[in-house]
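One structure below.
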């Protein structure tokens, strides 16, 4: 897997478009990410609420709903969503304007 990541010789993406995954995951991320899933990891939850503000990279964020959910739950933090697959990143970039900004 590491070699595939380095060389770009990874298996092809799944045959279904990212839009299918968006609709499947969106409600779960928005409803549960900041209210149940992250608070269930006490050390992480405390750090995301602590000062100085955390800077968080959401690597392989897909179309961005996980990033939007985390930024909504922890609005004082700085979030950097990123995804290497261009087709998936297009909607993420479009929706990133929906993310709260740190200190807003």
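Across the range 58-75, the number of residues qualifying as more than 8 Å from the chain's Cα centre (by Cα) and either outside any loop (DSSP other than H, G, I, E, B) or farther than 19 Å from residue 29 by Cβ (or both) comes to 3. May I ask you to list the residues in the range 1-59 that are in contact with a helix residue (DSSP H, G or I) (Cβ under 7 Å, 6 or more places away or on another chain) and modelled with pLDDT under 75? 10, 18, 22 - these are the residues of the range 1-59 that are in contact with a helix residue (DSSP H, G or I) (Cβ under 7 Å, 6 or more places away or on another chain) and modelled with pLDDT under 75. In the range 26-46, the residues that are free of Cβ contacts under 8 Å to residues at least 40 places away in the same chain form no Cβ pair under 8 Å with any partner that is surrounded by fewer than 11 Cβ atoms within 10 Å (Cβ to Cβ), whether six or more places apart or across chains. If we keep just the residues of the range 76-86 that are surrounded by fewer than 16 Cβ atoms within 10 Å (Cβ to Cβ) and outside any strand (DSSP E or B), which is modelled with the highest pLDDT? Among them, the one singled out is 84.
The values are calculated or read from the model by the stated rules, or taken from the named source; none is laboratory data. Worth saying up front: this structure is predicted, and the values here are computed from it rather than measured. Here the Cβ is made from the backbone with ideal geometry for all residues, glycine too, and neighbour counts use every protein chain on show.
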